[in-house]
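Novice: After the structure tokens below, expect a handful of questions from me.
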Amino acid sequence: MQLRRRGFLGAALAAGAARPLLAHASVPGLNELAAAKGMRFGSCVAWSVAGADRGAFANPAYARLLERDCGILVPENELKWQWTRPGAARFDFSRFDPMLAYAEAQGMAMRGHTLLWHKSSFFPRWLNEHDFGPRPRDAAERMLIGHIRTVCGRYGKRIFSYDVVNETIDEKTGEPRETSLSRAFGDPVGLVELAFRTAREAAPHAELVYNDYMSWELGNAKHRAGVLRLLEGFRKRGVPVDALGVQSHIGIAGEGSVARLVAQQQGPWRAFLDAVTGMGYRLVITEFDVNDARLPTDAHARDRIVADYAAAYLDVMFDYPQLRDLLVWGMNDRYGWLNGFRPRADGTFQRATPYDGDFRAKPLYRAIADAFERAAPRPT
Ligand code: G3I
């Protein structure tokens, strides 16, 4: 099987795979390869109108990639406050409900992203401007508890894992962020802890995750240290947090060869992961992609560098038996968020995800497949 798969993949990738991989059902998808080691593979997904040219489950071509490779899905945006909370007294689940129904119809598990993205730039405008009245702490507490109980109560066991809080540590200072909600509550860390305690009570079955983008590239030391302080505080005060969500938006940031970058980066990164798992936290790779904005235009050269860098990163991450789930932040380059966030000077799509803009598997696809094949089986 492995030889056939590798042979097929190798031939397909070498020949530029005129016919998309997905036409060959006999070749195991990424989630099948993961499952052989007690792991799972998945991706974020978007809502769209039927047939839209989007990274959405309602786009048949994109849905075929999801169904071929994914065992877990996560909403790219549809469960964020900016989507679910059109106002202080209103909820809107009209885009997430059909997404969850699709996942369940396909037998895929669903992650909940996110109960609180604690960063003002991603609050709905009304929340940034909200008047919390004469007793702001009580009002903030009621609002946060009400939100979490409403979402968790609506979905129950249909969501197995939540990013309860996303990105509350300022990467520049390592300090917890302040927002209108935390200023009203009076304590930014206390607010985050309230979110986790409320989620545990409202969704006792669920894996509760703190999710952030601290990374292994040089320059992330303050961010990593701030996340460690937050995780240590959770343990000290008995806050129910099960795992660290390592977003894994990695990128070729430094100069020089992949091997030299990896040699520079992996020591401090392993020390960080050792400290996190040493406190009893599990790990989840929640948003994996590889930013290639600084790489040359030639697609073959870029793909090789991206695949080699990704392979080295995944080998380090898969060394930790506490890690079982790997989700990418999008399955193909056509719809990748990086094209808007970090557009390449040459105007081409970032080649950051497993499939190219024409739905053909790339060397990064094979790097992920091979990393699963090299991974040690997870303890049952
Ligand atoms: O849907 C509207 C559309 O109707 C409107 O015309 C258009 C222009 O205003 O905006 C569209 O919404 C955009 C949405 O993506 C869907 O494309 C929002 O403006 C835009 O802010 C939003 O960006 C998302 C971003 O989070 C902010 O929420 C990205 O898609 C999404 O990939 C990104 O994901 C985050 C994770 O949630 C957390 N970790 C980092 C990651 C990357 O930033």
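Since every read-out is calculated from the coordinates, none of them should be taken as a lab result. In this text the structure is predicted, and so the values were computed from the model without any measurement. In this analysis, Cβ positions are derived from the backbone assuming ideal geometry, glycine residues included, and neighbour counts consider all displayed protein chains.
Novice: Given an 8 Å cut-off on Cα distances and at least 6 residues of separation, report the relative contact order of the chain as a percent.
Specialist: It rounds to 17 percent for the chain.
Novice: Run down the aspartates and glutamates and flag those whose C-alpha is under 12 Å from the C-alpha of K236, throwing out any fewer than 8 positions away in its chain.
Specialist: E193
Novice: If you take the beta carbon distance between T150 and D319 as r and set R0 to 45 Å, what does 1/(1 + (r/R0)^6) give as a FRET efficiency, to the nearest 0.05?
Specialist: On the way: r = 39 Å, r/R0 = 0.87.
The formula returns an efficiency of 0.70 here.
Novice: Could you derive backbone 3J(HN,Hα) for region 239-250 from the dihedral phi with the Karplus parameters 6.51, -1.76 and 1.60 (θ = phi - 60°), listing whole Hz in sequence and x where the residue is Gly or Pro?
Specialist: Couplings: 7, x, 10, 8, 8, 9, x, 9, 4, 6, 7, 8 Hz.
Novice: Further question on the same structure: In region 219-274, with Lys and Arg counted as +1 and Asp and Glu as -1 at Cβ, which of these residues, Q266, V241, G251, has the Cα nearest the positive end of the dipole, that is, farthest along it?
Specialist: V241
Novice: Got a sec? How would I169, I145 order by Cβ neighbour count within 10 Å, fewest to most?
Specialist: Result, fewest neighbours first: I145, I169.
Novice: Order these by the 10 Å Cβ neighbour count, fewest first: D97, D242.
Specialist: So the residues, fewest neighbours to most, are D97, D242.
Novice: With the cut-off at 1.5 for a/c, could you classify region 251-380 from its C-alpha gyration tensor as rounded, prolate or oblate? Intermediate results must be reported in sequence, preceding the final value.
Specialist: Working: a/c = 1.96, a/b = 1.58, b/c = 1.24.
Prolate is the answer for region 251-380, as a/c is 1.5 or above and a/b outweighs b/c.
Novice: Tell me which residues come under 5 Å, amide H to amide H, from W117 once H is placed; ignore anything under 5 positions away on its chain.
Specialist: Those lying under 5 Å, H to H, from W117 are W81, N166.
Novice: I would also like to ask the following. Under 20 Å from a label point 7 Å along Cα→Cβ of Q266: give me every residue in region 277-301 with its amide N that close.
Specialist: Under 20 Å, as judged by backbone N against the label point of Q266, lie 277-278, 283-285, 288-291 of region 277-301.
Novice: Say a site is exposed when it is one of the GluC sites (Glu not before Pro), sits in a DSSP loop, and has at most 11 other Cβ atoms within 10 Å; what is then the longest site-free stretch of the chain?
Specialist: 1-128
Novice: Per residue of region 206-223, what does 6.51 cos²θ - 1.76 cosθ + 1.60 with θ = phi - 60° give for ³J(HN,Hα)? Whole Hz please, x for Gly and Pro, Karplus curve as stated.
Specialist: 7, 6, 9, 10, 9, 10, 7, 9, 3, 9, 8, 5, 4, x, 9, 4, 5, 5
Novice: By counting other Cβ atoms within 10 Å of each Cβ, how are F185, F41 ranked from fewest to most?
Specialist: Lowest count first: F185, F41.
Novice: Shifting gears a bit: What are the ³J(HN,Hα) values, in whole Hz, obtained from phi via the Karplus relation 6.51 cos²θ - 1.76 cosθ + 1.60 with θ = phi - 60°, for each residue of region 328-339 in sequence order, with x given for Gly and Pro?
Specialist: Values per residue, Gly and Pro as x: 8, 9, x, 9, 9, 5, 4, 10, x, 4, 5, 4 Hz.
Novice: If you don't mind, another one. The chain: D in µm²/s via Stokes-Einstein (Kirkwood Rh, Cα pairs, 4 °C, 1.567 mPa s)? Could you put the intermediate results ahead of the total?
Specialist: On the way: Rh = 21.3 Å.
Answer, rounded: 61 µm²/s.
Novice: Further question on the same structure: For helix 96-105, report the angle its Cα long axis makes with the longest principal axis of the Cα atoms of the chain; keep it between 0 and 90° and round to the nearest 10°.
Specialist: The two axes meet at around 50 degrees.
Novice: Restricting to DSSP H runs of at least four residues, report the calculated mean residue ellipticity at 222 nm for the chain, -39500 (n - 2.57) per run over all residues, nearest 500 deg cm²/dmol.
Specialist: -13000 deg cm²/dmol
Novice: Once you have the Kirkwood Rh of region 47-199 from its Cα pairs, apply Stokes-Einstein at 10 °C and 1.306 mPa s and quote D in µm²/s.
Specialist: Stokes-Einstein gives a translational diffusion coefficient of 96 µm²/s.
Novice: Amide H neighbours of E207 under 5 Å, at least 5 residues apart or on other chains, H built in the peptide plane: list them.
Specialist: Those qualifying (amide H under 5 Å, at least 5 residues apart or on another chain) are S161, Y162.
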